[in-house]
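Have a look at the structure below, then the notes.
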Amino acid sequence: MVHPILKLVVQRVALGILLLLAASVLIFVGTQILPGDVAQSILGQSATPVSLANLRAELGLNDPPVTRYFNWLSGVLQGDLGTALSNGQDIATAMGRRLGNTLFLAFWAAIIAVPLAIVLGLISVRYRDRWPDKLISGVTLATISVPEFLVGYIAVFFLAVQLQWFPSIASVYDGMTLGERLYAISMPVIVLVLAVLGHMMRMTRAAILNVMQSAYVETAELKGLSQFTIIARHALPNAVAPVVNVVMLNLAYLVVGVVVVEVVFVYPGMGQYLVDHVAKRDVPVVQACGLVFAAVYIGLNLLADVISILANPRLRHPK
Amino acid sequence: MADVLLDIRNLRIEATSYPPGEPPRDVVLVDDVSVAVEKGRVLGLIGESGAGKSTIGLSAMSYGRGGVRLTGGQILLNGREIRTAGMRELRSLRGHEVTYVAQSAAAAFNPAKQLMEQVIETSLSHGLMPRAEAEARAVDLFRQLGLPDPENIGKRYPHQVSGGQLQRVMTAMALCPKPDLVIFDEPTTALDVTTQIDVLAAIKRAIHETGVAALYITHDLAVVAQVADDIMVLRHGKMVEYGTTEQIITRPSEEYTRALVSVRGIEHAEKDPSVEPVLRVQNVTARYKGTNFDVLKNVSVDLPPGQTLAIVGESGSGKSTLARAITGLLPPSQGRITFAGRELSRELKARSKDDLREVQMIYQMADVAMNPRQTVGTIIGRPLEFYFGMSGEQKRVRIQELLDQIEMGRGFIDRYPAELSGGQKQRVCIARALAAKPKLIICDEVTSALDPLVADGILKLLLNLQAAEGVAYLFITHDIATVRAIADRIAVMFKGQVVRYGPKSQVLAPPFDDYTDLLLSSVPEMELGWLEQVLEHRKMESAGN
């Protein structure tokens, strides 16, 4: 007899892989139907028809789309994302550094934002409808309502220009110590935390308030437990599933949605990389970036699903 | 009374009500009630829903559920006033001096935590004893309460134990911190009758062995008579009568108490069983989609026209599933259902409009069986339009006739369900079923959610309607008293099978099969010492075997 959790998790993972394949088809189709000819854009307007034809044959552009898709996919599966058309670099190598930078930024933003959001959510529930709750709700609502680039520039104006606490440009390079790196990315981290805090905090608040209606919370109150013990020990464990889902959506956003913030702070991450190469019509890079973003997105949501399954005591401990 | 533990004087409890379309107003839930509990004694609080029993019970912890306010009087616990005490003081006494056992332990336990953690939580949080000692005490209590595998049951999660066991674990949870007073709030009401008797016996034994005082809240006088030393009868938030259990049961002085004691006095003569049946269920077997387990196994029953067949059994015995098979909601995998001489199609879709019209249903929860945004007139008028194409004045006249039949005033035609009491809602559902002029009405636990006196009224109404209209009832219930009151024939179901079937006079007369014996002997009777007699009798029987 297979443990029901294992079965559910395997199902989810299989579904995730299927979804990723579907995403790869969409990315491939999407980039192929973009107007313009890759060979033309590499060789420029002055290229002769003969050299264009040769390059097309060399790049395999004359093969039917299905063949090209499978060639690309089999390359991807072997870790070969192709070479950038604009500068001939290996995409996997170039992107590896960029992805590392983006993940570094996302990691530190998440380390701050997730616990902060949950604690703020708990405080909101504890002081429901009183001033701490209203203050937290108001501020977080404001930060998610203002566009990130504006938050970014406002932060630059005050924190970098006026107070001169942090650098306005987040430039990182090899040989920096961890401390130097963290100092360099402090501005984008602040902006990202403000961008994702609101959703997670509000979901935590709503999910816990929902659980607070249940009979076992009344039992806890009649046990004479303190409000905070009740919220943290009796309500929070039963609110994990909805909270995890919104946390993962925001983590995914930290990786795939940072384009604007990276551009504002000139941070050498995935977002900058993607924007640069879209401008250059560098199709293989755009495809690779799209695929990585899709994988991150699907992977994190898969993780959210699995955590939700694990958080359910009925599934974890069957009869 | 030197040893008074809890002394509630002139208690007044209020809440704010928000009637739709009107300004909020304060309503008095409990008015001028005084309760005293001495050390080691058990006081039963009894009354119908809305009597204020639970509200008074919770006031012993100075707790108001959902906006309920304790606005007047004194609540003295161990000699000190707690009604006006601060949160810090209340937290130190809740879960330590006074503990609480809820009606639904299944809902009252945190699903994400092991039972042991929850049972010893207060002992630890109040700093009463070290963890090892608390765990040892919990295991002792599990054993005392007759739980299986007392050493290890604490490692389980709430969903892994049965409802009856969970109720006992909750009792252990209440007793673990060595409280002075335990409030039992309908602890056995949600249980099957054969489970109830064991839990009741366990609770009673635990109360006696620990010497704790208790407030025992219930609507069932026969239950409270088994455990309480004294009884207070409440109605509409006021005290009706207060006395020793023996006095209340045998010599009630108030009219209302007498009504509660003699409830279920309905009797009716069994009708001739040898008539050609209107409904014939033959060898029906059924299972739910996606399962490999038959919930109905080879069920055969007959129901003559104008008579009542009671289907009796505990939760999970397949009673409601049988109703679903008859109505076509769950197509049986085998067997046939014949109605008024014609075979009914298994599938609901293949049944004719007359098939649908002639079999109607009434449900347990009248509130959810009605659209809250429709008036009583619209609700009752719908089958008149649908089956008979009535409209205008003709329909209005017929609706008024039906309102007369269910003994409700014609003025109710423009009321909404939210404006009706529980009994009135169920009457409207009866009128809606009757409007279709059915030959058979399936009644699924129609009186289970109602207070005894209201339920009696509904049963009397159903019997009168049967005499007037000649309609047959398939009456599903877990309550033997209801069966006695209205059945002509009875089918006892157990695990999807009919284990006993026949005319009422035969089914309810010995010799019994084992299950029917267990079922019948578990129904609490309104006499002192009943519980001990039954348990003694069972012990002797099992020793004899």
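Residues to consider are A:V285, A:V240, A:V246, A:V296; find the one that is within 14 Å of chain B (Cβ to nearest Cβ) and either touching a residue at least 24 places away in the same chain (Cβ under 8 Å) or in a helix (DSSP H, G or I) (or both).
Details: A:V285 fails: within 14 Å of chain B (Cβ to nearest Cβ); A:V246 fails: within 14 Å of chain B (Cβ to nearest Cβ); A:V296 fails: within 14 Å of chain B (Cβ to nearest Cβ).
Answer to the selection: A:V240.
What number of residues within region A:95-106 satisfy the criterion of being open to solvent by 20 Å² or more (accessible area, probe 1.4 Å) and in contact (Cβ under 8 Å) with a residue 24 or more places away in the chain?
The total comes to 6.
Cβ-Cβ distance below 7 Å, separation of 6 or more or different chains: which pairs start in region B:61-80 with a residue that is over 10 Å from B:A15 (Cβ atoms) and end on one that is among the hydroxyl-bearing types (S, T, Y)?
Within 7 Å, the pairs are B:M61/B:Y100; B:L70/B:S59; B:L70/B:S62; B:I75/B:S59; B:I75/B:S62.
Determine whether region A:81-91 contains at least one residue that is of a type in the set (A, V, I, L, M, F, W, C) and in a helix (DSSP H, G or I).
From region A:81-91, those of a type in the set (A, V, I, L, M, F, W, C) are A:81, A:84-85, A:91; that's our starting set.
Filter once more, keeping what is in a helix (DSSP H, G or I): A:91.
Yes: region A:81-91 contains one or more residues that are of a type in the set (A, V, I, L, M, F, W, C) and in a helix (DSSP H, G or I).
So which residues in region A:299-314 are within 14 Å of another protein chain (Cβ to nearest Cβ) and either in contact with a Ser or Thr (Cβ under 9 Å, 6 or more places away or on another chain) or open to solvent by 50 Å² or more (accessible area, probe 1.4 Å) (or both), if there are any at all?
Listed by number, the residues that qualify are A:I307, A:L310, A:N312, A:R314.
Does A:Y183 qualify as being of a type in the set (F, W, Y), part of a helix (DSSP H, G or I) and touching a helix residue (DSSP H, G or I) at 6+ places or on another chain (Cβ under 6 Å)?
no
Kindly indicate whether any position in region B:240-251 is touching a strand residue (DSSP E or B) at 6+ places or on another chain (Cβ under 8 Å), under 20 Å from B:F184 (Cβ atoms) and aromatic (F, W, Y).
yes
Take B:V275 and decide whether it is among the β-branched types (V, I, T) and under 28 Å from B:S522 (Cβ atoms).
no
Quick one: which residue in A:V243, A:V255, A:V264, A:V285 is farther than 30 Å from A:I91 by Cα and open to solvent by less than 30 Å² (accessible area, probe 1.4 Å)?
It is A:V243.
Step by step: first the residues of region B:291-326, then only those that are touching a helix residue (DSSP H, G or I) at 6+ places or on another chain (Cβ under 9 Å) and of a type in the set (S, T, Y), then the one that is farthest from B:P503 (Cα to Cα). Which residue is that?
Residues of region B:291-326 that are touching a helix residue (DSSP H, G or I) at 6+ places or on another chain (Cβ under 9 Å), as a first pass: B:295-296, B:299, B:301, B:306-308, B:310-315.
Checking which are of a type in the set (S, T, Y) leaves us with B:308, B:315.
Details: B:T308: 10, B:S315: 23 Å.
Out of the qualifying residues, it is B:S315.
Applying the selection to region B:56-93, what residues are within 19 Å of B:V28 (Cα to Cα), within 14 Å of another protein chain (Cβ to nearest Cβ) and among the β-branched types (V, I, T)?
Scanning region B:56-93 gives a single hit, B:V68.
Assuming A:L141 fulfils every condition listed in (1) within 14 Å of chain B (Cβ to nearest Cβ); (2) touching a residue at least 24 places away in the same chain (Cβ under 8 Å); (3) open to solvent by 40 Å² or more (accessible area, probe 1.4 Å) apart from one, which condition is it?
Here A:L141 clears every test but (1).
Answer yes or no as to whether B:V523 is touching a residue at least 24 places away in the same chain (Cβ under 8 Å) and either open to solvent by 30 Å² or more (accessible area, probe 1.4 Å) or of a type outside the set (D, E, K, R) (or both).
Answer is yes for this residue.
Which one is nearest to A:A110 (Cα to Cα) among residues in region A:200-225 that are open to solvent by 40 Å² or more (accessible area, probe 1.4 Å) and without any contact (Cβ under 8 Å) to a residue 40 or more places away in the chain?
A:A206
Looking at B:V295, B:V301, can you tell me which residue is among the hydrophobic types (A, V, I, L, M, F, W, C) and open to solvent by 30 Å² or more (accessible area, probe 1.4 Å)?
When all the criteria are applied, what remains is B:V295.
Mind listing whichever residues of region B:94-115 are more than 7 Å from chain A (Cβ to nearest Cβ), within 25 Å of A:I208 (Cβ to Cβ) and among the polar types (S, T, N, Q)?
B:Q103, B:Q114
Would you mind telling me which numbered condition in (1) part of a loop (DSSP other than H, G, I, E, B); (2) surrounded by 19 or more Cβ atoms within 10 Å (Cβ to Cβ) A:L194 fails?
Unmet for A:L194, out of (1) part of a loop (DSSP other than H, G, I, E, B); (2) surrounded by 19 or more Cβ atoms within 10 Å (Cβ to Cβ): (1).
Residues of region B:146-192 being touching a residue at least 40 places away in the same chain (Cβ under 8 Å) and of a type in the set (S, T, N, Q), which ones?
B:Q167, B:T171, B:T189
Just checking: which of the helices (runs of 4 or more DSSP H) contained wholly in region B:118-223 hold 2 or more residues that are open to solvent by 10 Å² or more (accessible area, probe 1.4 Å) and more than 13 Å from every other protein chain (Cβ to nearest Cβ)?
Result: B:131-144, B:163-175, B:193-210.
Looking at (1) modelled with pLDDT under 85; (2) open to solvent by 90 Å² or more (accessible area, probe 1.4 Å), which one does A:A57 not meet, given that it meets all the others?
(2)
Could you please give the count of residues in region B:225-266 that are touching a residue at least 40 places away in the same chain (Cβ under 8 Å), touching a Lys or Arg at 6+ places or on another chain (Cβ under 8 Å) and either closer than 30 Å to B:L43 by Cβ or open to solvent by 30 Å² or more (accessible area, probe 1.4 Å) (or both)?
Residues that pass the stated criteria total 6.
Across region B:448-468, what is the number of residues that are open to solvent by less than 10 Å² (accessible area, probe 1.4 Å) and at pLDDT below 90?
1
The values are calculated or read from the model by the stated rules, or taken from the named source; none is laboratory data. Quick caveat: nothing in here was measured; it's all calculated off a predicted structure. Note that we place each Cβ from the backbone using ideal geometry, even for glycine, and neighbour counts take in every protein chain shown. Just so you know, the surface numbers come from the protein's heavy atoms only, side chains and all, with ligands and any DNA or RNA stripped out. Shrake-Rupley method; radii C 1.70, N 1.55, O 1.52, S 1.80 Å.
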